[in-house]
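This report refers to the structure that appears directly beneath it.
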Amino acid sequence: MKTHEYQARKVLGSYGIAFPAGEVAETPDQAEAIATELGGRVVVKAQILAGGRGKAGGVKLARTPAEAAEVACTMLGSSLKGRVVRKVLVGQAVNITKELYLSAVLDRAAKSITVMASAVGGVDIEEVARFSQEAIIKVVADPLLGLADYQTRDLARAVGLAGEQARAFRTIATALYRAFVECDCSLLEINPLAITGEGEVIALDSKMVVDDNALYRQPLLAALRDTAEEE
C-alpha cells in the first residue's frame, strides 16, 4: 500500500524526523491561505501516488501567496502521470545547499532490512544505481539487533557529513529504520534529505510503502489507503 507524501510526512514526523512546515490544500484559496501563513515563498507539490512528479511538472516554486493559488489552480483537477490531482501540498521553501538520499528497503536477497544512502539526492535513484552504483552506500541491519550505531556513522561519513550534521543524519537514519519496522514497511524513503544554508539536515520529500499483508495490524495506516488511485 502506497501513501501520499503528506501522509508519509506525518508518520515520519511522529518519529522525530523534521520536514519544512506545510499543509494540504484542495482548492486554490486554501493554497493561498497556507502560503500566506508560511510567509509567501512556498513549494506546491501535486499529491499523486506516482514518482517523477518534478519532471512531469507536479512540483513548482511559488514566490507569493497569489502565485501559489495560480499554481494550485493549474494543478488541481489536471491529469499528471495518468492520475487526477485532487490535493496539493503547500510547503515552506528552504535554502538548499546539498541534497542527499536515504532509504530503508526490505532486501530479500540479504534476508533483512537494508538501509541505503547516497550523496546524490533529489534525482531518480534508479538512474544512479544503473550508472553509478558506487554512489550508493548500503548497510544491512541485523534482524535481531537492528541498525547499529557504527552503521549510521559509516553512512554519514560516506555521504560526506561530519560534526553536528553527521549526528543529525544518524538520528534521522535511526528514526527511519524504527519507523520502517514498526509500520511494517517494504520501502521507506527520504529523497531528498537536504542540507540547508543554515546547516540544518531536513527531509524534503518522503515515500512510504506498507506491506499489504500487515495492514490487519496497522489500522491507522490502513485508514490512509487511497483506493481512488489504485489500479
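The values are calculated or read from the model by the stated rules, or taken from the named source; none is laboratory data. Not measured: the values here are computed from a predicted model. So basically every Cβ, Gly included, is an ideal-geometry build from the backbone, and we count neighbours across all protein chains shown. What goes into the accessible areas is simple: the full protein's heavy atoms, side chains included, and nothing from ligands, DNA or RNA. Shrake-Rupley method; radii C 1.70, N 1.55, O 1.52, S 1.80 Å.
Of everything in the stretch 70-85 that's in contact with a strand residue (DSSP E or B) (Cβ under 8 Å, 6 or more places away or on another chain) and hydrophobic (A, V, I, L, M, F, W, C), which residue is modelled with the lowest pLDDT?
Going through the stretch 70-85, the residues in contact with a strand residue (DSSP E or B) (Cβ under 8 Å, 6 or more places away or on another chain) turn out to be 70-72, 75-78, 80, 85.
Imposing the further condition that a residue be hydrophobic (A, V, I, L, M, F, W, C) reduces the set to 71-72, 75-76, 80, 85.
Working: 71: 97, 72: 97, 75: 96, 76: 96, 80: 91, 85: 95.
Looking at the filtered set, the residue picked out is 80.
So for the stretch 85-105 (the condition being within 22 Å of residue 157 (Cβ to Cβ), touching a Gly at 6+ places or on another chain (Cβ under 7 Å) and surrounded by 22 or more Cβ atoms within 10 Å (Cβ to Cβ)), does at least one residue qualify? Don't jump to the end; show me each part of the working.
We begin by selecting, within the stretch 85-105, every residue within 22 Å of residue 157 (Cβ to Cβ); these are 96-105.
Next, from what is left, pick out any that are touching a Gly at 6+ places or on another chain (Cβ under 7 Å): 97, 99-101.
Subset that is surrounded by 22 or more Cβ atoms within 10 Å (Cβ to Cβ): 100-101.
There is at least one residue in the stretch 85-105 that is within 22 Å of residue 157 (Cβ to Cβ), touching a Gly at 6+ places or on another chain (Cβ under 7 Å) and surrounded by 22 or more Cβ atoms within 10 Å (Cβ to Cβ).
Just to verify a result, which residue in the stretch 194-211, among those that are under 14 Å from the mean Cα position of the chain (by Cα) and small (Gly, Ala, Ser), is nearest to residue 164 (Cα to Cα)?
Filtering the stretch 194-211 for residues that are under 14 Å from the mean Cα position of the chain (by Cα) and small (Gly, Ala, Ser), the one nearest to residue 164 (Cα to Cα) comes out as 194.
Under 7 Å between Cβ atoms, which residue pairs at least 6 apart in sequence (or on different chains) link something in the stretch 160-174 that is closer than 19 Å to residue 19 by Cβ and without any contact (Cβ under 8 Å) to a residue 24 or more places away in the chain with a partner that is assigned to a helix (DSSP H, G or I) and open to solvent by 30 Å² or more (accessible area, probe 1.4 Å)?
From the stretch 160-174, the pairs are 170/153.
It is to be established whether one or more residues within the stretch 142-159 are open to solvent by less than 30 Å² (accessible area, probe 1.4 Å), of a type in the set (Val, Ile, Thr) and either under 23 Å from residue 14 (Cβ atoms) or out of contact with any strand residue (DSSP E or B) (no Cβ under 9 Å at 6 or more places or on another chain) (or both).
Yes.
Tell me the strands (runs of 3 or more DSSP E) entirely within the stretch 77-146 that contain at least 1 residues that are among the charged types (D, E, K, R).
On the way: elements: 88-92, 96-107, 112-118, 136-140.
Answer list for the stretch 77-146: 96-107, 136-140.
Restricting attention to the stretch 58-112, report how many residues are among the hydroxyl-bearing types (Ser, Thr, Tyr) and free of Cβ contacts under 8 Å to residues at least 40 places away in the same chain. I'd like the intermediate steps shown before the answer.
Applying the first criterion (among the hydroxyl-bearing types (Ser, Thr, Tyr)) to the stretch 58-112 yields 64, 74, 78-79, 97, 101, 103, 112.
Now drop any that are not free of Cβ contacts under 8 Å to residues at least 40 places away in the same chain, which leaves 64, 74, 78-79, 112.
Qualifying residue count, the stretch 58-112: 5.
Given the conditions (1) modelled with pLDDT of 95 or more; (2) under 29 Å from residue 81 (Cα atoms), and given that residue 225 satisfies all but one, which numbered condition is not satisfied?
(1)
Within the stretch 184-192, is even one residue farther than 23 Å from residue 59 by Cβ and either in contact with a helix residue (DSSP H, G or I) (Cβ under 7 Å, 6 or more places away or on another chain) or among the hydrophobic types (A, V, I, L, M, F, W, C) (or both)?
Of the stretch 184-192, the ones farther than 23 Å from residue 59 by Cβ are 184-186.
Restricting the remaining residues to those that are either in contact with a helix residue (DSSP H, G or I) (Cβ under 7 Å, 6 or more places away or on another chain) or among the hydrophobic types (A, V, I, L, M, F, W, C) (or both) gives 184-185.
Yes; the residues of the stretch 184-192 include at least one that is farther than 23 Å from residue 59 by Cβ and either in contact with a helix residue (DSSP H, G or I) (Cβ under 7 Å, 6 or more places away or on another chain) or among the hydrophobic types (A, V, I, L, M, F, W, C) (or both).
Might you check whether a residue that is open to solvent by less than 20 Å² (accessible area, probe 1.4 Å) and hydroxyl-bearing (Ser, Thr, Tyr) occurs anywhere in the stretch 184-194?
Checked against the condition, which is being open to solvent by less than 20 Å² (accessible area, probe 1.4 Å) and hydroxyl-bearing (Ser, Thr, Tyr), the stretch 184-194 yields no hits at all.
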